1. Calculate, axis by axis, the spread of Cα positions in segment 39-117 along the three principal axes, and write the results as whole Å, longest axis first.
2. Could you state the orientation-averaged shadow area of the convex hull built on the Cα atoms of segment 470-510, in nm² to one decimal?
3. With viscosity set to 0.692 mPa s at 37 °C, what whole-number translational diffusion coefficient in µm²/s follows for segment 296-428 from Stokes-Einstein and a Kirkwood radius over Cα pairs?
4. What net charge do the residues around Y396 carry, taking every other residue with its C-beta under 13 Å from that of Y396, with Lys and Arg at +1 and Asp and Glu at -1?
5. Tell me the label-point distance for the pair Q36, D535, using the 7 Å Cα-to-Cβ offset, in nm and rounded to one decimal.
6. When 1/r is averaged over all different Cα pairs and the result inverted, which Kirkwood radius in Å belongs to the chain?
7. Over all distinct alpha-carbon pairs, what is the Kirkwood Rh of segment 183-244 in angstrom?
8. Against the longest alpha carbon principal axis of the chain, how many degrees, from 0 to 90 and to the nearest 10, is the axis of helix 232-243 turned?
Amino acid sequence: DVVAKLVPSTPHITLDEALKTSPQLKEMYDGDERVQKLIDTARALEGMPRNTSTHAAGVVITKLPVEHYVPLSKNDETMVTQYVMTTLEELGLLKMDFLGLRNLTVIAEAEAEIRKTEPEFSMAHIPDDDPNIYTMLAEGKTQGVFQMESAGMTGVCVSMKPTSIEDLTAIVALYRPGPMDSIPKFIANKQNAQRVTYKTPLLEPILRVTYGCIVYQEQVMQIVRELGGYTLGRSDLVRRAMSKKKQAVMEKEKANFVYGNPEEGVPGCISRGISEAVADHIYEEMMDFAKYAFNKSHAACYAVVSYQTAFLKYYYPLEFMAALMTSVIDNSAKVTEYIMSCRSMGIEILPPDVNYSLAGFSVQDGKIRFALTALKSVGRPVIEGIVAERAANGNYKTLEDFITRTSELDINKRVIENLIKAGAFDSLPGTRKQKMFVYAGLVDRLVKDKKNNLVGQMSLFDLVGEEEKSDFHTPLPDVGEFDRQELLAYEKEVVGFYISGHPLEEYKTFLERRITAKTSDFYRDEETGEPKVTDGKEVVIGGILTDKKIKYTKNNKIMAFLTIEDLYGSIEVVIFPRDYERNQSRLEVDGKIFVQGRVQLEDEKDGKLIGSVISRFDEMPRRLA
């Protein structure tokens with residue numbers, strides 16, 4: 001900071017150069033041992049790599065083993081090159097990015113499920129011009145649709161009203177920093193063809209498909225080829241220079257584009273009858289745009305996946321939503337969001353069941369059956385074993401039958417308890433409370449019987465024939481059932497959210513009329529990385545206060561960290577001392593409250609709320625602004 005202030009005109013100056021340039025800094029260096037030590041230490045570090053990182057999808061492809069070409073190292077057990085990607089390219093090595101899309105798995109699994117009832121169905125044969133799909137997107141029904149479900153993208157879909165894959169491709173390319181500024185013009189031109197103008201007729205065949213707007217990197221390449229006479233190879237060099245912000249190359253190419261360069265075989269715009277002013281303006285517009293431009297080949301692939309997921313959602317909502325929820329099974333907030341979406345679509349979610357559920361979400365009798373792998377502390381191998389045993393020997397008849405038949409699996413008491421709490425044994429005789437009373441004794445008896453068998457001991461039970469054994473079972477105690485609040489609390493404990501209902505369901509309409517944000521609005525979207533709420537915005541949320549932690553400040557004043565849960569998830573709410581004093585009487589755990597406050601966003605984290613005004617449900621809306 002000191003160096004920057006002393007040498008403000010050259011922000012990228014080295015420390016050695018700074019000492020030569022600034023007499024004041026040199027005087028400080030010579031006259032103060034601490035400054036000297038600090039600068040000498042910094043000089044030793046200057047220019048060294050700050051950290052190493054691994055390109056998430058970058059793969060170097062070589063003819064011989066990679067170590068024949070470049071030095072290697074390990075980064076988190078991954079073998080990586082010691083050179084950065086630009087150096088690798090300069091060495092002539094091939095680097096490719098392989099992106100993994102969860103949505104491709106969703107499409108494949110939905111397609112497999114559909115084929116169970118429609119063997120001839122194939123995603124390769126769906127039409128790409130179905131008006132129903134575009135109408136659905138234009139209505140904002142984008143939940144679960146690849147690239148389109150964020151609030152911003154949904155808004156663009158509603159405003160633009162896409163009618164073709166070409167429009168979806170443009171949306172994908174435009175909705176990012178930089179090109180977003182062109183969205184209003186794009187929409188206006190799409191809706192009114194009379195607004196579209198071209199600075200030269202040569203631009204019309206290039207920009208007609210995007211209503212006169214430059215949207216793709218390929219269009220930049222086409223413009224320099226058609227207007228400036230560039231070759232394919234040279235046009236790609238211009239595109240790369242623009243996208244990589246290589247200022248010197250771009251300035252040089254501007255002269256070539258406008259005036260031509262006979263020595264390098266570039267005719268230039270003027271030789272093709274385009275005025276200097278028009279050519280100059282077109283190039284400047286390309287430079288401004290190309291810093292952020294998206295390549296159409298990438299955007300088109302994304303648009304196809306967007307269309308396919310939208311097609312499945314419209315025509316095969318059960319199969320699609322089941323596959324979609326399976327794909328996010330480890331993200332309870334996202335599963336909750338999609339379950340709410342299913343309910344709004346009229347799709348019923350059946351609870352987990354050891355006799356009907358599969359590892360993932362599945363379609364059953366026009367409904368979606370909850371996945372067993374969504375339950376906590378129940379590993380996939382155990383679940384696969386439960387399903388395999390059921391497939392081989394039929395449904396489980398009782399809890400005792402289940403425990404006996406799965407005894408060879410790694411099923412402990414914790415697993416059985418969680419299955420009971422989740423309602424996975426509800427199709428078997430007895431209530432959840434009855435099963436909670438007997439399951440531990442059943443497991444202990446089975447373990448004891450196994451030990452006796454190992455040492456050759458027999459019980460009277462062993463003398464009974466197999467048919468008669470089915471008549472023996474442990475009686476269930478007459479203890480009734482847990483109340484609804486306990487049942488829901490247990491479901492939340494082992495799943496992360498409520499399955500058979502929600503304590504706030506009866507307040508749904510009441511809440512929707514009074515809140516301005518849901519807890520899910522604070523979560524960062526997995527595609528865009530952005531939440532729906534904006535930093536500093538004043539919002540009102542409503543829900544159940546599920547947790548409260550009291551902290552003391554340095555001044556010995558009380559502040560609180562709350563967890564507020566609504567129908568869609570939960571978030572952290574911070575209450576500072578002044579607001580805590582005013583609102584503490586309303587901060588009872590399990591109480592239903594509204595909180596008005598300011599959104600606070602941090603890098604790569606879900607948002608939180610800085611609460612200022614709190615009101616109980618029965619006080620709303622008197623206290624809140």
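1. Principal axes ranked by extent give 73, 34, 22 Å for the Cα atoms.
2. Values: hull surface 19.2 nm².
Here the figure is 4.8 nm², rounded to one decimal.
3. On the way: Rh = 16.1 Å.
Rounded to a whole number, D works out at 204 µm²/s.
4. Working: positive: R390, K397, R405, K435; negative: D353, E389, E400, D401, D426.
Taking every other residue near Y396 into account, the sum is -1.
5. Taking the simple label geometry, Q36 and D535 are separated by 4.2 nm.
6. Values: mean 1/r = 0.0328 Å⁻¹.
About 30.5 Å for the chain.
7. Values: mean 1/r = 0.0811 Å⁻¹.
After inverting the pairwise mean of 1/r, the radius is 12.3 Å.
8. 70
The values are calculated or read from the model by the stated rules, or taken from the named source; none is laboratory data. All figures in this text were calculated on a predicted structure; none of them were measured in a lab. Please note: Cβ atoms are built from the backbone with ideal geometry, for glycine as well, and neighbour counts cover all protein chains shown. Only protein heavy atoms, including side chains, enter the accessible area calculation; ligands, DNA and RNA are left aside. Shrake-Rupley method; radii C 1.70, N 1.55, O 1.52, S 1.80 Å.
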